[in-house]
Amino acid sequence: MDIDTLLASLQNSEAREIIHIKKETGHPPNFSCSIESLNLHSHLVTALKKIGIKNLYNFQERAIKAILKGKNVGILVGTGSGKTEAFLIPILEYALTHPNQTVALLMYPTKALAQDQMDRLEALTRDLKVEFERYDGDTSQEKREQILTNPPAILITNPDMLNFHLFDDRLKDIISTVKFIVLDEIHQYVGVFGAHVHYVLNRVKRFLKDKRKCQFIAASATIGNPRKFLETFFGAKFSIITSSYSWGGNRLHIMIRPKHSLYSEAIYLVEGLKEKDPSVKSLIFTDSHLSAELVKKVADARNLTIGIHRGGLISSYRKEMENDFKSGRLTTLVATPTLELGIDIGDVNNIILIKIPATFSTYLQRIGRSGRKGQDSTAFLLIGDDPISNFYANSPQKFYQSKPEPLYIDPTNPEIIRSQFIAMAVDQPISPLELMNINPQEQAIAQQLLEENYLAHWDQLYLVPTKKGKDLFRTVSLRGTGEVVQILEEKNKLGDRALPMAIRELYPNAIYMHGGIDYQVISLDLEQCNAQVTKILERTNFYTRALYQSDVMNFKPTESRHIYGLDVFHGEGAIHTNVHGFLKINFFTGELIDKEKLDIAIDYQFPTKVLYFKTILNPSWTLIEKAGATHAVEHVLISAAVTLTGADAAEIGGISYPDGSIFIYDGIYGGSGITDLLQDRIDETFRRALKILKLCKCNRDDGCPRCTYSPYCGNNNESLSKELAIQSLSQILAGKKVMADFKPLGAPLV
Ligand SMILES: [Zn+2]
Ligand SMILES: [Zn+2]
């Protein structure tokens, strides 16, 4: 079926509404210079020509020249454009003129990407005397020894590996001569992971012979705030290289609102596409493990063979899926963000996105998996019944004209500083001079760590880790802060989930879906950090959603911003959550089947960053009306925040009190930086929140899934008032004054 026939049949169907169609014409740029014109080493020029690189694009030329001049360079251009060559060419040039030492560290956020890079370097260096090696969790012990005694010119590794092995003197020696530190896919280094890696880089810098000569290079698709982000992340000045061309072929963007479930729609689309051409390849993207499992379930029920690729499944299984898809044995794959990154999975014709991704950058990243060789492709965006979908359904152009969002990290997360400071002492004792040069927050933390016996004095002035400190160092992961719950079927580990998210997913009797199999949680032990699950033999038709209550403890504001008539505060606090029950929801229809109580409620408290303000309430409203208005404002603000900050809705929490107090918090242990970014954009967030409410034509007092509801509401979306929330937000925008008193009153809603 050609695309026009498919479109006609889609448009004629009553089962869906085609919201918007956008045709995009691919326009790769012309070359700007020949390889010869750069005066590179003759061997390099020959090697490049041999693999077909004779000319360069303008952005490549600019990037190469800037790197050769000694600048730190951020290369931010679309997928498939040749940005890897833009940084590898100057690195190879340097390696050829500086033999017998390690000149570059290339870091990849995943092992799969590191392997892809190996393949590319293999082709580039075939006729050059430049050695490269991969040094990560998949490298055998024997190979590691070999690398450490006989280091290559280019070392491909990841931040996790450096984090755990920097204490090795041989690795320090290798690092000492490094001229280039490259972080590819830099947009992955956000939130907690980004903040950790920021410190890992600081630790690496300690071992450079000449810090001033080392250059940083970052690459990714376009991001919203490249200079600010890169300069915070690396702590150095950057030259930013961008390009406005798009390298894919022609692309059709179709926004669809199905009248049945999004999961079924994805499968119907695949069936329709395969009717004419059974070999057509489609990739379905979803955001959560649960929805990936649900898509697979619908496909199984309709006898359509599809593969599943998501985090939490073992890597050999995922590799098998990648290979089957690449070779064409498998033509449809449902994936979570695990497949978003540059892993080579061959040609893809169609991308189907279930729900609007949290960021427009993610949209671009995902659709960039198709049309990589310049062939035509189609991007289907399936939107649902939620406030964000409804907002864009009313102004689809706004979605397709979006700009990539800014990235965020929070290097002041005290949990991260604590563990990284201990790690720094493990790498090498911290000297008195180093202690003098750290900021006051870090100095206070160093003092605390001494008092808590994680660090000790050595030779009076140096700081070294104690046994307790070393033990902690071994258990800290860069990918999260706080603890991780192991998911066990008897003694067999199925997967894991970080706290605090785990308490809302792994309470007793919750359904946990894994690789197409349903499990039921038997117990959750927060002391041992594990959840026992058991296989359910018959198929379930429902999933579970937690009912919970949260409260803010010890809020300490550190920053305030006056906006309209209110003060919006940001600071530290702790969130106490109590999971007391759950809902059973039919995953085909979305209907509520049952509501159950937990025998023993689960309590959990974690420190994080919190945003606080008081919304405007009319004194004549009843307590119930006040609670409904505040709760609805809180929900809709989070929806608006997701579209403006690019945060994952699951990682922002909100608590509202009937006196108008609203707290929005980072749902990550210690904080991720998201509410900090939200404070910067709070005025736009208020405006967008009001728009979301006004756009919805539901005419219901409490609103509906398209305006006031939240899928993460712990109160089952009860006690919401759409009309009063509109009044409250309108008053804010009109500049009415309200005093914050830091004393929230009444029972909180979440
Ligand atoms: Zn509504
Ligand atoms: Zn709620």
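Points worth noting:
- Residues located in segment 650-663, provided they are more than 12 Å from ligand 2 (Cβ to nearest atom) and among the hydrophobic types (A, V, I, L, M, F, W, C): 650, 652, 663
- Yes/no for residue 408 being out of contact with any Lys or Arg (no Cβ under 8 Å at 6 or more places or on another chain), surrounded by 23 or more Cβ atoms within 10 Å (Cβ to Cβ), among the aromatic types (Phe, Trp, Tyr) and outside the structural domain of residue 651 (by TED's automatic domain parsing): yes
Table: residues versus (1) surrounded by fewer than 24 Cβ atoms within 10 Å (Cβ to Cβ); (2) modelled with pLDDT under 90; (3) within 16 Å of ligand 2 (Cβ to nearest atom); (4) β-branched (Val, Ile, Thr).
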{"residue": "687", "(1), (2), (3), (4)": "yes, no, no, no"}
{"residue": "708", "(1), (2), (3), (4)": "no, no, yes, yes"}
{"residue": "725", "(1), (2), (3), (4)": "no, no, yes, no"}
{"residue": "737", "(1), (2), (3), (4)": "yes, no, no, no"}
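- Filtering segment 621-638 to residues that are polar (S, T, N, Q) and crowded, with 24+ Cβ neighbours inside 10 Å leaves only 630.
- Boolean, residue 78 is assigned to a loop (DSSP other than H, G, I, E, B) and closer than 28 Å to residue 229 by Cα: yes
- Between 472, 463, the distinction of being among the hydrophobic types (A, V, I, L, M, F, W, C), surrounded by 17 or more Cβ atoms within 10 Å (Cβ to Cβ) and not in a helix (DSSP H, G or I) belongs to 463 only.
- Flag for residue 38 being within 30 Å of residue 170 (Cα to Cα) and surrounded by 15 or more Cβ atoms within 10 Å (Cβ to Cβ): no
- When residue 70 is tested against (1) surrounded by fewer than 18 Cβ atoms within 10 Å (Cβ to Cβ); (2) within 29 Å of residue 190 (Cα to Cα); (3) modelled with pLDDT under 90, only condition (3) is not met.
- When 550, 560 are checked against the criterion of being assigned by TED's automatic domain parsing to the domain that holds residue 729, in contact with a Pro (Cβ under 7 Å, 6 or more places away or on another chain) and small (Gly, Ala, Ser), a single residue qualifies: 550.
- Selection within segment 606-663 - within 21 Å of residue 687 (Cβ to Cβ), assigned to a helix (DSSP H, G or I) and either at pLDDT 95 or above or within 16 Å of ligand 1 (Cβ to nearest atom) (or both): 629, 630, 631, 632, 633, 634, 635, 636, 637, 638, 639, 640
- The residue that is nearest to ligand 1 (Cβ to nearest atom), counting only those in segment 692-701 that are surrounded by fewer than 19 Cβ atoms within 10 Å (Cβ to Cβ) and not in a helix (DSSP H, G or I), is 698.
- Among the residues of this structure, residue 718 does not count as one that is in the same structural domain as residue 573 (by TED's automatic domain parsing), free of Cβ contacts under 8 Å to residues at least 24 places away in the same chain, outside any loop (DSSP other than H, G, I, E, B) and within 16 Å of ligand 1 (Cβ to nearest atom).
- Within segment 674-690, considering residues that are within 20 Å of residue 630 (Cβ to Cβ), in contact with a helix residue (DSSP H, G or I) (Cβ under 7 Å, 6 or more places away or on another chain) and touching a residue at least 60 places away in the same chain (Cβ under 8 Å), the one farthest from ligand 1 (Cβ to nearest atom): 678
The values are calculated or read from the model by the stated rules, or taken from the named source; none is laboratory data. On a predicted model such as this, the values are computed, not experimentally measured, just so you know. Every residue, glycine as well, gets a Cβ built from its backbone with ideal geometry; the counts of neighbours run over all protein chains shown.
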